[in-house]
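**Q** Could you have a look at this structure, given as structure tokens, before my questions?
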Amino acid sequence: MATPLEGGSTPTSQAGAVEREIRAHAAEPPEPSSPHRPEEPDSPGCTPEQAERLAGYRARILELTTFVITHPYWATLPGPDRVEHRAVLKYIHATAGPEA
């Protein structure tokens, strides 16, 4: 697994990149999970490779989230400021552009 600050990027920018990969993955058409009779509609599912990739995305998001929320910086802020700063951080990728 990659380190949280791989390549000099920030955890927030890495989380944004992982989120974009998940959206791209979700946009892929599902494959039928098993053979079916012609009169039955396809059952959406995913291939083992798709499931493995999604599990990897989830693990990376968990790693980055843990890194951010346990960072010593948060202990330097009083309670109300901590809440406000975390709220801003939660949405920073939405306003920072595609490279954030």
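The values are calculated or read from the model by the stated rules, or taken from the named source; none is laboratory data. Because the structure is predicted, anything quoted here is derived from the model rather than measured. All Cβ positions, even for glycine, are placed from backbone atoms using ideal geometry, and neighbour counts span all protein chains on display. Each accessible area value is taken on the protein alone, full model and side chains, heavy atoms only, with ligands, DNA and RNA left out. Shrake-Rupley method; radii C 1.70, N 1.55, O 1.52, S 1.80 Å.
**Q** Considering only residues that are modelled with pLDDT of 80 or more and either hydroxyl-bearing (Ser, Thr, Tyr) or open to solvent by 80 Å² or more (accessible area, probe 1.4 Å) (or both), which ones fall in the range 28-58? Give the derivation first.
**A** Kept after step one, since they are modelled with pLDDT of 80 or more, are these residues of the range 28-58: 47-58.
Residues satisfying the conditions are 47, 48, 49, 52, 53, 57, 58.
**Q** Restricting the range 1-27 to residues that are among the polar types (S, T, N, Q) and surrounded by 10 or more Cβ atoms within 10 Å (Cβ to Cβ), which is modelled with the lowest pLDDT? Can you show your working first?
**A** Going through the range 1-27, the residues among the polar types (S, T, N, Q) turn out to be 3, 9-10, 12-14.
The next check asks that each one be surrounded by 10 or more Cβ atoms within 10 Å (Cβ to Cβ); those that pass are 9-10, 12-14.
On the way: 9: 72, 10: 74, 12: 69, 13: 74, 14: 78.
Filtering the range 1-27 for residues that are among the polar types (S, T, N, Q) and surrounded by 10 or more Cβ atoms within 10 Å (Cβ to Cβ), the one modelled with the lowest pLDDT comes out as 12.
**Q** Looking at the range 84-100, which of the residues that are surrounded by 11 or more Cβ atoms within 10 Å (Cβ to Cβ), hydrophobic (A, V, I, L, M, F, W, C) and outside any loop (DSSP other than H, G, I, E, B) is modelled with the highest pLDDT?
**A** Only one residue tops the list, namely 89.
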